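Reading through the structure tokens given below for one structure.
The values are calculated or read from the model by the stated rules, or taken from the named source; none is laboratory data. This structure is a prediction, so every number in the text was calculated from the model and none was measured. Quick reminder, even Gly has a Cβ in these numbers, built from the backbone with ideal geometry, and neighbours come from all protein chains shown.
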Amino acid sequence: MRDKCGILGVYSYKKSVNVSNQIYYGLYALQHRGQESAGISTYNNEKISTFRGMGLVCDVFNKNNMECIEGNIGIGHVRYSTTGKSKIENSQPFSTEFDSGTIAIAHNGDIINSSEIKNKLEKLGYKFESTTDSEIICHLLKEEYSKTQEMADAIRNITKTLLGSYSIVILINNNLFAVRDPHGIKPLSIGKKEDLTLVASETVAFDVVGAEYLRDVEPGEIIHINKQLKSYKLPIADKPRKAHCIFEYIYFARPDSILEGIPVYDVRLNIGRALSREFPADADVVMPIPDSAITAAIGYSRESGLGYGEGLIKNRYVGRTFIMPTQEERESSVKLKMNPIKTELKDKSIILVDDSIVRGTTSKSLVKLLREAGVKEIHLRVGCPPIISPCYYGIAMATKKELIASDKEIEEIRNILDVDSLGYLSLKSLVDSIGIENNNLCMGCLTGEYPTHIPDNITKYETYRC
Ligand code: SF4
């Protein structure tokens, strides 16, 4: 399961300041949200310049190309894409020329009705060079701006058309805007440091440049980032409910981030504690599936009084492995990423903590690996309820058919995974662990109930990923 993008915008009211370094370091901090491409656009008192490339932030930028993107206002983006769509044309920021200058945008999310909008724009003569919905947003913005000549109005107007999730930073000549969809599905926070104002997908991007977290961009809020931080509201007739993605807390966000004022680390400790209360087991030690389940495993250990240990070591230098054709090769790919510590595992009964189970294939391979290392009993504890439905808001998850829990009971899943006991955290405990009311969270993949309209023919849509 992968998130699709991390975005960042930095504004300095001092024209002599160059913000490209802050964007570069901020993107480093957001690298977990996308590893396939990175890009920065800046405005240097004359024009917008963009540099984008394939790979990690450290692969894309160097001293030479950083000199081409100097300026006191800028935006940045890191991207993850589905297989086959990882190409330079789809990297961001995406920019387009218009009569009065240049628009560059960086987007996190997924526009469900993007095919429909693209068809309309093509009829108006727009040409597309990428398969991203970010390009669609960019052209839509250009079209609206040509009518209104006011960027805030143009943004307001396009949001009437967009269906789905979006947090966007927009650089239009020397103006920086940030906008979050009416449900606030994707995160977006505001930070401040002296003359700098920042907006980013996660607060870790502020920490790395020494900026302070001020607040989150409200769902349905457009912010014109200048010295005053001018805020506008989207024109929404019936106030939609907030629907922050619950998986940001469970898995996607870094544990050292703060989302909606809530430290993600605390949420994951609470998840582990709640798992221990709901599913205790007679075992020797609590172990995480690294890295994302480490904090929950610590929480389980603290609540249960059982010792915390490491049974699997993750090779952090393995990127994405292409899809292996045979079962044997797929198992090798798991072995490439995780290696068991036999001396810690032999003849032990372990509580194995994971954040979530999607298809179940990785869990199954890891259990096999642990059994081969001599583990006596495995009690698998999962930090969220079963995932029963796909995500339409920009998370590369799986189709409904591929989700192990979409058509199976827990006992059946336990059998398939070959564990001695299996416990999924209840939805109530998960929501309590976060501390946000459940009607302010998106839990679509856990309940099948989504905060936006999902068209019936959604499977026919080509999905343009951010
Ligand atoms: S459907 Fe699931 S993964 Fe997608 S936004 Fe909602 S909670 Fe997040």
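Test of understanding: among 185, 262, 246, which residue is within 14 Å of the ligand (Cβ to nearest atom) and closer than 23 Å to residue 294 by Cα? Steps first, please.
Numbers: 185 fails: closer than 23 Å to residue 294 by Cα; 262 fails: within 14 Å of the ligand (Cβ to nearest atom).
Criteria check complete, one pass: 246.
So that you can scan it fast, the table gives a plain yes or no per residue for (1) assigned to a loop (DSSP other than H, G, I, E, B); (2) within 22 Å of the chain's Cα centre (by Cα); (3) within 16 Å of the ligand (Cβ to nearest atom); (4) not acidic (Asp, Glu):
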| site | (1), (2), (3), (4) |
| --- | --- |
| 358 | yes, yes, yes, yes |
| 388 | yes, yes, yes, yes |
| 391 | yes, yes, yes, yes |
| 401 | no, no, no, yes |
| 406 | yes, no, yes, yes |
| 422 | no, no, no, yes |
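Within the set 239, 227, the sole residue that is of a type outside the set (Gly, Ala, Ser) and farther than 28 Å from residue 437 by Cβ turns out to be 227. Within segment 408-420, the residues that satisfy the criterion of being free of Cβ contacts under 8 Å to residues at least 24 places away in the same chain and outside any helix (DSSP H, G or I) are 408, 409. Out of 46, 36, one residue alone is of a type in the set (Asp, Glu) and touching a residue at least 40 places away in the same chain (Cβ under 8 Å). It is 36.
Candidates are the residues of segment 259-283 that are surrounded by 17 or more Cβ atoms within 10 Å (Cβ to Cβ) and acidic (Asp, Glu); the one that is farthest from residue 335 (Cα to Cα) is 260. Applying the criterion of at least 2 residues that are out of contact with any Phe, Trp or Tyr (no Cβ under 6 Å at 6 or more places or on another chain), among the polar types (S, T, N, Q) and in the same structural domain as residue 79 (by TED's automatic domain parsing) to the helices (runs of 4 or more DSSP H) found wholly in segment 125-235 leaves 133-148, 151-159. How many residues does segment 446-462 contain that are modelled with pLDDT under 95, under 22 Å from the mean Cα position of the chain (by Cα) and charged (D, E, K, R)? The number of residues fulfilling the criteria is 1. Selection of segment 5-32 for residues being outside any strand (DSSP E or B), aliphatic (A, V, I, L, M) and either crowded, with 24+ Cβ neighbours inside 10 Å or free of Cβ contacts under 8 Å to residues at least 24 places away in the same chain (or both) yields 19, 23, 27, 29, 30. Just one of the listed residues (163, 141, 171) is within 22 Å of residue 110 (Cα to Cα) and within 16 Å of the ligand (Cβ to nearest atom), and it is 163.
When segment 371-386 is filtered for residues that are within 16 Å of the ligand (Cβ to nearest atom) and assigned to a strand (DSSP E or B), only 382 remains.
For segment 248-269, a residue qualifies if it is in a helix (DSSP H, G or I) and under 19 Å from residue 393 (Cα atoms), and the qualifying residues are 248, 249, 250, 251, 252.
You will find that of 378, 436, 351, 454, the residue that is crowded, with 20+ Cβ neighbours inside 10 Å and within 25 Å of residue 246 (Cα to Cα) is 351 and no other. Please tell me if residue 439 is closer than 24 Å to residue 394 by Cα, in a helix (DSSP H, G or I) and of a type outside the set (Gly, Ala, Ser). Answer is yes for this residue.
Can you find a residue in segment 32-43 that is farther than 27 Å from residue 110 by Cβ and either among the β-branched types (Val, Ile, Thr) or more than 16 Å from the ligand (Cβ to nearest atom) (or both)?
At the first step, the residues of segment 32-43 found to be farther than 27 Å from residue 110 by Cβ are 43.
Cutting the leftovers down to either among the β-branched types (Val, Ile, Thr) or more than 16 Å from the ligand (Cβ to nearest atom) (or both) gives us 43.
Checking segment 32-43: at least one residue is farther than 27 Å from residue 110 by Cβ and either among the β-branched types (Val, Ile, Thr) or more than 16 Å from the ligand (Cβ to nearest atom) (or both).
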